[in-house]
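> Input: one structure, supplied below.
Just so it is clear, none of the values below were taken in a lab; they were calculated from the coordinates. Keep in mind it's a predicted model, so treat the numbers as computed, not measured. Backbone-built Cβ (ideal geometry, glycine too); neighbour counts: all protein chains shown.
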Amino acid sequence: MTYDHQSLGSWPLLAGILTVVSLAYGITWRLVFSPLAKFPGPKLAAVTLWYEFYYDVIKNGRYMWEIEKMHERYGSF
Amino acid sequence: MRDNCPDRFPPGPIVRINPYELHINDPDYYDEIYAGGGKKRNKYDLFVRLFGMDDGTLSTLDHDLHRVRRSALNPFFSKVNVRKLEPIIQRRAQKVLSLMENLENTGKPLNIFYLFSAFTSDVIMEYAFGQSHNYLEREDLNEDIYHMMNSVHHLGAAARQFGWLFPILLSIPEWIITRVDKGMATFAAMQNVSFK
C-alpha cells in the first residue's frame with residue numbers, strides 16, 4: 001500500500017500549526033499569565049511537569065533536594 | 001499548594017517548582033495551608049491520584065464530602081478502640097522477638113524489612129479485617145508481597161505525572177497479573193478473601 005500525501009491535502013500542515021499554536025499558548029500562559037508567574041524558580045520547571053518527572057521518576061525521588069537548591073538560588077528574603 | 005490564592009502570601013522563601021505548585025520554605029505557613037477548624041481545604045488532585053483509587057476516602061478531593069466519608073472511620077481511631085489493639089500488637093511483637101531469638105547463634109541472616117513488614121501487616125489486617133493472614137508464621141515472611149508493595153510505592157511518582165497509569169494497570173485482568181508477579185498473586189488472593 002502506498003501512502004499518498006496528496007489525498008491528505010493540507011490537513012497535516014493544519015494539525016502541525018495547531019499543535020505549535022496550542023503549545024505556544026500553554027507555555028505563554030504558564031510563564032506570563034498564570035497567577036504563579038510572578039514567583040521565582042527555574043523557567044523550565046514552570047513550563048513543564050517533565051522537569052519534576054526527571055528528578056522524581058528517573059532519578060528516583062530526588063526532586064526534594066533539587067527544591068532545596070532552588071530555595072538557595074531563588075528563595076532568599 | 002494550588003494556584004488559587006497566591007496573592008495572600010508575602011514575598012519570601014517561595015519558589016515555583018512546577019506549572020501548578022509553589023514550595024514554601026517557612027514553617028509559619030503550616031497554619032495557613034493545613035488550616036484547622038472552620039476553614040475549608042480541598043485536596044489536590046495531582047497529589048491524591050498517586051493512590052490509584054479516585055473514589056476512596058483518602059482521595060476524596062472535596063472538603064465537605066471528605067469530612068463525611070472520613071467520619072465513618074472515626075471510631076477506629078478512638079482511644080478506646082486503639083487501646084483494645086494493644087494485645088494484638090503485643091502478641092505479634094512477642095512473635096517477632098522469638099523469631100529473632102531462634103536465629104541467635106545460628107549464623108543465619110534475617111531480613112529485617114520482611115520481618116517488620118510482616119509484623120505491621122499482621123497487626124493492621126487483624127484490626128481492619130478482623131482476621132490476619134499471619135505472615136509472621138510463614139517461613140518466607142511473605143516477602144513477595146513486600147516487594148510488590150515496594151514497587152507500587154516507587155510507581156507513585158510516575159503515577160502523579162501520568163493520570164492514566166494506574167487506571168490502565170488496574171484494568172489488567174487478574175489472571176495475567178498473577179502470572180507476571182508473585183507478589184501480585186498474593187495480593188489478589190488477599191483481595192478476594194477480603195471481598196467475600
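> For the stretch A:43-50, just list the computed ³J(HN,Hα) in residue order, Karplus coefficients 6.51, -1.76 and 1.60, θ = phi - 60°, integers in Hz, with x standing in for Gly and Pro.
With coefficients 6.51, -1.76 and 1.60, one gets 5, 4, 5, 6, 8, 9, 6, 4 Hz.
> Now a separate question. Compute the Cα gyration tensor for chain B, then decide on rounded, prolate or oblate, letting a ≥ b ≥ c be the square roots of its eigenvalues: rounded whenever a/c is under 1.5, prolate when a/b is larger than b/c in the other cases, and oblate in all that remain.
prolate
> What is the distance in Å between the Cα centres of the stretch B:38-64 and the stretch B:101-144?
32 Å
> Under the rule a/c < 1.5 gives rounded, and otherwise a/b versus b/c splits prolate from oblate, where does chain A land using the Cα gyration tensor?
oblate
> Same structure, new question: Tell me the net charge near residue B:150. Cut-off is 11 Å between Cβ atoms, residue B:150 excluded, with +1 for each Lys or Arg and -1 for each Asp or Glu.
With Lys, Arg at +1 and Asp, Glu at -1, the neighbours total -2.
> For chain B, which span is the longest to avoid every loop-located (per DSSP) member of GluC sites (Glu not before Pro) having at most 14 other Cβ atoms inside 10 Å?
After excluding every exposed loop site, the longest remaining stretch is B:1-103.
> Run lengths n ≥ 4 of DSSP H only: what is the helix-derived mean residue ellipticity at 222 nm for chain B, with -39500 (n - 2.57) per run over all residues, to the nearest 500?
Taken over chain B, the calculation gives -16000 deg cm²/dmol.
> Fully extended, how many nm does the chain gain between residue B:32 and residue B:192 (0.36 nm per residue separation, minus their Cα-Cα distance)?
Taking residue B:32 through residue B:192 to full extension adds about 53.3 nm, to one decimal.
> Using only Cα atoms and rounding to the nearest 10 degrees, what angle (0 to 90) does helix B:112-129 make with the longest principal axis of chain B?
Long axis of B:112-129 versus the principal axis of chain B: about 80 degrees.
> Need one word for the stretch B:70-118: rounded, prolate or oblate. Basis is the Cα gyration tensor (sqrt eigenvalues a ≥ b ≥ c); a/c below 1.5 gives rounded, then a/b vs b/c decides.
Oblate, because a/c is 1.5 or more while a/b does not exceed b/c.
> What angle, in degrees between 0 and 90 and rounded to the nearest 10, separates the Cα long axis of helix A:63-74 from the longest principal axis of the Cα atoms of chain A?
70 degrees
> A further question on this structure: Please give the calculated 222 nm ellipticity per residue for chain A, where each DSSP H segment of at least 4 residues contributes -39500 (n - 2.57) and the sum is spread over every residue; nearest 500 deg cm²/dmol?
About -15500 deg cm²/dmol.
> Under unit Cβ charges (Lys, Arg +1; Asp, Glu -1), what dipole magnitude, rounded to 20 debye, does chain B have relative to its Cα centre?
The calculated dipole for chain B is roughly 500 debye.
> Which entries of A:59/B:108; B:79/B:182; A:38/B:39; A:69/B:39; A:59/B:39; B:95/B:182 show an alpha-carbon separation above 28 angstrom in the structure shown?
Pairs exceeding the cut-off: A:59/B:108; B:79/B:182; A:69/B:39; A:59/B:39.
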